[in-house]
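Shown next, in structure tokens, is the structure this report addresses.
Read the figures in this text as sums done on the coordinates, not as results from a lab. None of the values given here were measured: they were computed from a predicted structure. Quick reminder, even Gly has a Cβ in these numbers, built from the backbone with ideal geometry, and neighbours come from all protein chains shown.
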2 protein chains.
Amino acid sequence: MPMPWRQLPVGVVGLGLIGGSIALDLRRRGLIVHGLVHRETTAQRARERDLVDQVSTDPGVLQGCGLVVLALPLDRLLDPDPALLAAIPPQAVVTDVGSVKQPVLDRWQALHPRFVPSHPMAGTAHAGVEAGLVDLFVGRPWVATPTADTETAALASVQDLAILLGAHWLCCPAAAHDQAVALISHLPVLVSAALLQAADRSAAASGDGLSVLVRSLASSGFADTTRVGGGNPELGTLMARANRTALLQALQGYQHCLAGLEQLVQQGEWSGLQAELSRAQQLRPGFVSPDRSAG
Amino acid sequence: MPMPWRQLPVGVVGLGLIGGSIALDLRRRGLIVHGLVHRETTAQRARERDLVDQVSTDPGVLQGCGLVVLALPLDRLLDPDPALLAAIPPQAVVTDVGSVKQPVLDRWQALHPRFVPSHPMAGTAHAGVEAGLVDLFVGRPWVATPTADTETAALASVQDLAILLGAHWLCCPAAAHDQAVALISHLPVLVSAALLQAADRSAAASGDGLSVLVRSLASSGFADTTRVGGGNPELGTLMARANRTALLQALQGYQHCLAGLEQLVQQGEWSGLQAELSRAQQLRPGFVSPDRSAG
């Protein structure tokens, strides 16, 4: 027998990349989706793209939903509109898709008894109501960070949602999630942005010739290493803000590692440097699935 | 009238990715190619792959060549075999493909009167006698770093070679080349390797749970940012060794930029952080052609 949440409309709050993709996937599986958006123009595009069965800027659209997915940017998730809070049905299971979990948990566990903090880890370079895609979550991690206070049936509903959409379900403590994403997602943004800054500023300090030359010679390696640093600045800032403590800790660990490599170069310890680079080469396949390992 | 070098066999010393690709491209254009390799097994594979017209481990194979391309690893290029030196015809134009230019220039300008330092900037993740590809250099920069002492006719021959193979020809001082590649090629290797180390060590310091979690959650952004850091350790070490001064300078500039971003996070200056990330986003297209900009 299907779980109870599947028999009622699903409310999706925010129809950007994540919310829009969840809505599309659910509709393709025969579920009814009600979308709540901020602006009428977004509602209009959501109708044109046929993302949802109903869409409105009025939180009343969530009435009757058995599951509500909060697919909002972190700042709006952490400071929710009172009208949204008032409109979420008390009996609905509520989950979010925020990429930092401890502050979301701290805020929402007090706001709704059936809240389940979760983070579907999928993305593309695009955002907004045009960005939603079918099958975005297939094979991707969907992490929940329940506590002892999280309702078991609510957690099971969100797990059912994740699996229905083809994701790989994981549970861990919110603090561990936030440390992990600091290391593998938020730290890389700063590391990568600093590389763009360094190439620009160091070359500029040496004169126009070098500024032109670095831009002419940069190739696929530089493109790869700077991709996330050249990404959405609002998103990068929201992540840093919401995950500040874990990010600062990750930055310290990173700077220590880089200083170690610098010292080997400084002291001309070439066999030591080669050993560290060999170790890095061996580490990478543990983090990166084979289909992402090539250039 | 074709330039004189085209009317004689071309000697290619080393038939790895770069040497093998040059050989294949030249033969497809009707030129005669003589390959010199280190090991008999490599000579055998070069024959089987039909990379060259003649191949030998005996430097005598270079006899009669009008152009000799030194496609050797940097260490062997900087410390050349006396038998190779003795076998290069005195009238031949000689060029190299080394990725650091000042030390190669310092060494080879004294060794051969018709030497032209050059660096075709193309690559794949592969190396060795199986790696050579046709059209590897099409649309890629081929940088020469001549001095006032470089023979004009020899420089014109190497330019003719680069253009024949479809590359984009550039000339700049060796020191500028080495500063530029430090920033856009050698620095990214260390920046990227340190990220793998930090993710591994910081997670390990927090216990097994986090070590598993970072590996489960790492996604395409982490894969991109760590690609060059997980590359060939021998190559990374050779680059750092040959370009030590410029790399250390690039590292200092980089650490300064990263510390600036850290300070913004530390002090909670979110509008300042967003401004820096916006600047990084604006900078990137200047370095990365549109076809490499997406994820």
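Taken over the C-alpha atoms, the range B:173-292 has Rg and Dmax values of 16.5, 51 angstrom.
So if R0 is 51 Å, what FRET efficiency would B:Gln266 and B:Leu111 give, r being the distance between their Cβ atoms, rounded to the nearest 0.05?
Numbers: r = 53 Å, r/R0 = 1.04.
Given R0 = 51 Å and the Cβ-Cβ separation, E is 0.45.
Each copy carries a label point for B:Gly286 at 7 Å from Cα toward Cβ; from one copy, the others' points are 3.9 nm away, ordered from shortest. Taking chain A as a Gaussian network of alpha-carbon nodes connected by springs under 10 Å, the highest mean-square fluctuation of the residues A:Val228, A:Val68, A:Val93 belongs to A:Val228.
Taking a spot 7 Å from the Cα of B:Ala127 along the direction of its beta carbon, which residues of the range B:28-69 have an amide N less than 17 Å from it? Answer for the range B:28-69: B:38-39, B:42. Between identical copies, the spacing of A:Ser56 label points, each set 7 Å from Cα toward the C-beta atom, reads 8.8 nm from nearest to farthest. Across the range A:155-162, rounded Karplus estimates of 3J(HN,Hα) from the backbone phi angles (6.51 cos²θ - 1.76 cosθ + 1.60, θ = phi - 60°) give 4, 4, 5, 5, 4, 4, 4, 4 Hz, Gly and Pro being marked x.
Model label sites at B:Ala259 and B:Asp135, defined 7 Å from Cα along the beta-carbon direction, differ in position by 4.8 nm. What Kirkwood radius, in Å to one decimal, follows from the Cα pairs of the protein assembly as shown? Its Kirkwood hydrodynamic radius stands at 26.2 Å. Residue exposure proxy: A:Met239, B:Met3, ordered by other Cβ atoms within 10 angstrom of their Cβ from fewest to most, comes out as B:Met3, A:Met239.
Give me the angle, in degrees from 0 to 90, between the Cα long axis of helix A:233-242 and the longest principal axis of the Cα atoms of chain A, rounded to the nearest 10. On a 0 to 90 degree scale, this one is about 80. Between the listed residues B:His177, B:Val191, B:Gln266, the Cα displaced farthest toward the positive end of the dipole of the range B:175-295, a dipole computed from Cβ unit charges relative to the Cα centre, is found at B:His177. Against chain A, whose longest principal axis comes from its Cα atoms, helix A:208-217 is set at around 60 degrees. Which residue, B:Gln159, B:Gln281, B:Gln249, has the most motion in a Gaussian network model of chain B that connects Cα atoms within less than 10 Å? It is B:Gln281.
Among chain B residues, the one whose Cβ is nearest the axis of the rotation from B to A, given with its distance rounded to whole Å, is B:Asp224, 2. Amide hydrogen proximity for B:Val33: with H placed 1.01 Å from N in the peptide plane, the residues at 5 or more positions away or on another chain lying under 5 Å are B:Val10, B:Asp53, B:Gln54.
Within a 10 angstrom radius of each residue's Cβ in A:229-235, how many Cβ atoms of other chains show up on average? Whole number is fine.
6
The same position B:Thr124 in the other copies lies at 2.9 nm from this copy, comparing label points 7 Å beyond Cα toward the beta-carbon, shortest first. Relative to the longest principal axis of the Cα atoms of chain A, the long axis of helix A:244-266 makes an angle of roughly 20 degrees. Inter-chain neighbour count for B:263-272: the average number of beta-carbon atoms from partner chains within 10 Å of each residue's beta-carbon is 3.
Go ahead and collect, in residue order, the members of the range B:135-175 whose backbone nitrogen is under 16 Å from a label point 7 Å along the Cα-Cβ direction of B:Arg49. Backbone N within reach: B:135-137. When the Cα positions of B:Val94, B:Gln159, A:Leu133 are compared along the charge dipole of the protein assembly as shown, A:Leu133 comes out farthest toward the positive end, with charges on each C-beta of Lys, Arg, Asp and Glu.
Rounded if a/c is under 1.5, else prolate if a/b beats b/c, else oblate: with a ≥ b ≥ c from the C-alpha gyration tensor eigenvalues square-rooted, which is the range A:4-172? Cα axes put the range A:4-172 in the rounded bin.
Of all the options B:Ser192, B:Ser278, B:Ser118, the one that moves most in a Gaussian network model of chain B with Cα springs shorter than 10 angstrom is B:Ser278. Considering only Cα atoms, the convex hull volume of chain B works out to 161 Å³ per residue.
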